[in-house]
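The values are calculated or read from the model by the stated rules, or taken from the named source; none is laboratory data. Values in this document were obtained by computation on a predicted structure and should not be read as measured data. A quick note on method: Cβ atoms are made from the backbone with ideal geometry, for glycine too, and the neighbour counts reach across all protein chains shown.
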Amino acid sequence: GKEKASQLCAEGSSFDPSAFAEHLLSFMGLNRLEDAQNGQQNGGEGYLPDDAWDRVARRAECCFKTAPTFHYMLGSFHAEPPPPKQRTE
Amino acid sequence: MPPHLGDSHRRFLQSMMSNSVMDEQQARALYQHCCDIHKAQCVPDKLDDFIETINSKLQPMFMQIRKGMSEDNGQQYYALVNMAETDVTRMSSDYADNELELFRKTMDLIVSSENGKVSSTDVLNVADTLTIKKLKKSEAEQVLNRLVQDKWLNEKRGEFSLSIKCIIEMEPYIRRMYEDQLKMCHICHNVAFQCQICDSPTCGIKIHNPCVARYFKGRVEPRCPACDEFWPYEIPGISFYISIYKST
Amino acid sequence: TSQVQRGLDKFTGSQMDQKAAEVIQYILVKDQKKIPVRRADLVKHVLKDYRYIYPEIMKRVLQTFDQVFGLKLVEIDTKNHLYILINKLEPQEGAAGPPNPKMGLLFVILSLIFMKRGAVKESECFQCLLYICGERHEQFGDVKKLVTDEFVRQRYLECVRIPHTEPVEFEFHWGQRAELEVSKAKILDFMGELHNQDPQTWSQQYKEAHAPPPAAPSTSQPNHSQR
Ligand SMILES: [Zn+2]
Ligand SMILES: [Zn+2]
């Protein structure tokens with residue numbers, strides 16, 4: 001009995017991608033109603049709210065040690081003077 | 001020698017990188033948050049000193065956390081800006097060359113306008129005149145959407161103005177490039193785009209809308225601070241700005 | 001070597017600091033799109049005359065990333081000399097900027113690969129994604145392109161040919177960037193949450209997720225053809 005238990009433990013519980021997909025869709029707030037008005041239709045049956053992927057992204061944030069990125073406008077192009085303004089005087 | 005940075009400073013800087021712009025309240029909360037996480041001392045009214053410490057270390061990279069007043073609501077905002085214009089900074093790839101040209105032309109229109117705004121129709125018209133590579137109308141619309149999303153432009157009822165983040169970062173550039181077209185605020189002495197202009201032909205001073213609200217608050221009869229002529233515009237009340245502030 | 005010595009003699013400390021600052025700007029630019037920095041490009045575009053004192057400059061660069069930004073520059077490919085930036089600070093909830101939906105998609109793919117013990121067939125991966133989000137997506141555009149092109153170039157994913165298959169088949173693995181950036185233990189926690197199941201019941205994944213991290217990124221190159 002004990003041997004069998006440890007063997008089972010070593011194999012671990014199996015992973016089923018389709019169950020994963022279903023759980024994930026619920027997490028994303030899938031509306032499974034046929035007549036849902038808003039959101040994008042997914043490949044399955046139902047509609048995802050607009051912020052569905054934001055929810056996943058927010059949940060993912062704490063799993064990633066991603067460096068923040070730096071975005072700027074000044075210095076990203078050659079400075080050329082604008083055309084002279086016609087003076088209306 | 002400037003004091004060393006701790007993890008609280010580094011976290012604050014990282015947050016400025018990812019959030020690109022934040023108002024004073026958010027910056028204060030972030031300061032508190034960063035100090036809490038790293039068990040650093042947080043002195044509530046020393047936010048600017050805290051930022052100065054970070055800036056002293058950013059200076060060699062020509063980066064800076066800088067402050068500026070929003071023309072929309074009069075609030076102070078903080079943004080992390082780049083100050084260098086070199087071959088390396090021009091490798092930045094957020095926008096293609098023709099997209100940047102469209103942005104520059106939009107800026108030209110905004111700076112030369114009376115009220116600091118330009119209609120989307122006018123911008124889409126200049127998209128036809130790009131020298132690098134023309135943008136189709138739908139493409140130009142997409143670029144404008146991205147510029148709004150990335151917080152370089154503000155859009156309200158089909159009109160574009162420069163965002164606070166853009167003004168904070170681009171001010172030195174704007175001062176240099178548009179020297180003869182610039183309007184300066186008579187009250188705060190910064191560049192003004194959306195402002196009221198004194199009616200008197202011999203005067204014509206400019207005042208930011210929020211500066212108008214602040215300056216004329218509680219005065220019975222508004223008069224121009226320079227020529228003393230009657231100030232003929234509607235004075236936006238402070239409460240008006242608070243309501244805008246809450247709705248954004 | 002004497003070239004190094006000549007280089008060190010030629011430039012002053014402040015010149016080297018200035019060059020280091022330029023290197024930092026360059027790396028930050030490349031990191032905007034999370035594309036690894038190639039040493040050859042760095043030398044060609046930025047270092048130029050300073051190439052002979054590369055280690056001296058990089059020492060300063062690493063130090064600034066560490067002391068000022070709380071970031072770490074890591075070589076992820078010692079053969080092609082590719083570098084990426086990763087965060088030294090622990091991620092905190094809510095402090096990051098606006099959510100990036102692409103990261104959500106990536107997270108799902110990495111989770112799938114990890115739970116399938118390190119490899120998922122390309123076809124199976126897209127079948128799963130198709131089911132979840134459809135083929136063309138408002139936020140992602142062409143999902144397939146995003147995954148096989150962008151995520152692979154960023155080194156979050158590796159697309160590897162499965163040997164002896166006709167027609168040719170590929171599978172996805174975690175890329176070197178994912179190995180350094182992403183916490184397997186936290187992914188497993190999320191899986192537990194989703195399935196309402198104790199993470200420890202996936203014993204193999206649990207063991208892998210809680211194994212001590214390797215001291216340094218592996219220097220050996222995978223011996224398979226890549227796309
Ligand atoms: Zn003013
Ligand atoms: Zn006047």
* Asked: Restricting attention to the stretch B:165-172, does a residue exist that is surrounded by fewer than 19 Cβ atoms within 10 Å (Cβ to Cβ) and more than 14 Å from residue B:70 (Cα to Cα)?
  -> yes
* **Lone qualifier among B:187, B:205 - being modelled with pLDDT of 90 or more, surrounded by 16 or more Cβ atoms within 10 Å (Cβ to Cβ), within 15 Å of ligand 1 (Cβ to nearest atom) and farther than 16 Å from residue B:114 by Cβ** => B:187
* Filter the stretch B:208-222 for residues that are without any contact (Cβ under 8 Å) to a residue 60 or more places away in the chain and within 16 Å of ligand 2 (Cβ to nearest atom); which is surrounded by the fewest Cβ atoms within 10 Å (Cβ to Cβ)? -> B:221
* Asked: Is there a residue being over 21 Å from residue A:75 (Cβ atoms), in a loop (DSSP other than H, G, I, E, B), more than 15 Å from ligand 1 (Cβ to nearest atom) and in the same structural domain as residue B:100 (by TED's automatic domain parsing) anywhere in the stretch B:144-163?
  -> yes
* Structure fact -> Picking from B:100, B:47, B:80, the residue that is farther than 30 Å from residue B:214 by Cα and not small (Gly, Ala, Ser) would be B:100
* Within the stretch C:66-87, considering residues that are surrounded by fewer than 16 Cβ atoms within 10 Å (Cβ to Cβ) and more than 8 Å from chain B (Cβ to nearest Cβ), the one farthest from residue C:40 (Cα to Cα) -> C:66
* Any residue in the stretch B:134-142 that is within 13 Å of another protein chain (Cβ to nearest Cβ) and within 16 Å of ligand 1 (Cβ to nearest atom)? -> no
* Asked: When you look at residue B:19, is it buried (at least 17 other Cβ atoms within 10 Å of the Cβ) and in the same structural domain as residue B:158 (by TED's automatic domain parsing), yes or no?
  -> no
* Filtering the stretch C:88-114 down to residues that are assigned to a loop (DSSP other than H, G, I, E, B) and either among the acidic types (Asp, Glu) or within 14 Å of residue C:129 (Cα to Cα) (or both), which residue is modelled with the lowest pLDDT? -> C:93
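Return yes when residue B:172 is within 13 Å of chain A (Cβ to nearest Cβ) and more than 16 Å from ligand 2 (Cβ to nearest atom) and no when it is not.
The answer is yes for residue B:172.
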* Asked: In the stretch C:108-166, which residue that is farther than 24 Å from residue A:16 by Cβ and basic (Lys, Arg) is nearest to the chain's Cα centre (by Cα)?
  -> C:155
* Sort out which residues of the stretch A:50-68 are more than 7 Å from every other protein chain (Cβ to nearest Cβ) and of a type outside the set (A, V, I, L, M), and write them in order of number. => A:50, A:51, A:55
* Across the stretch B:180-190, which residue is farthest from residue B:109 (Cα to Cα) among those that are more than 16 Å from ligand 2 (Cβ to nearest atom) and within 14 Å of chain A (Cβ to nearest Cβ)? -> B:180
* To do: Inspect the stretch B:215-224 for any residue being within 14 Å of another protein chain (Cβ to nearest Cβ) and more than 16 Å from ligand 1 (Cβ to nearest atom) and give the result as yes or no.
  => no
* Structure fact -> Per the filter on the stretch C:13-27, residues within 7 Å of another protein chain (Cβ to nearest Cβ) and of a type in the set (A, V, I, L, M) are C:21, C:24
* Within the stretch B:134-170, tally of residues that are in contact with a helix residue (DSSP H, G or I) (Cβ under 8 Å, 6 or more places away or on another chain) and at positive phi -> 2
* Asked: Quick one: is residue C:158 more than 14 Å from chain A (Cβ to nearest Cβ), under 22 Å from residue C:144 (Cα atoms), out of contact with any Leu (no Cβ under 7 Å at 6 or more places or on another chain) and in a strand (DSSP E or B)?
  -> yes
* Look at residue B:41 and say whether it is within 10 Å of chain C (Cβ to nearest Cβ), surrounded by fewer than 17 Cβ atoms within 10 Å (Cβ to Cβ) and without any contact (Cβ under 8 Å) to a residue 60 or more places away in the chain. => no
* **Residue list for the stretch C:115-151, restricted to those being in a loop (DSSP other than H, G, I, E, B) and either hydrophobic (A, V, I, L, M, F, W, C) or modelled with pLDDT of 90 or more (or both)** => C:116, C:117, C:118, C:119, C:140
* Structure fact -> Inside the stretch B:164-184, the number of residues satisfying the requirement of being more than 16 Å from ligand 1 (Cβ to nearest atom), charged (D, E, K, R) and touching a residue at least 12 places away in the same chain (Cβ under 8 Å) is 2
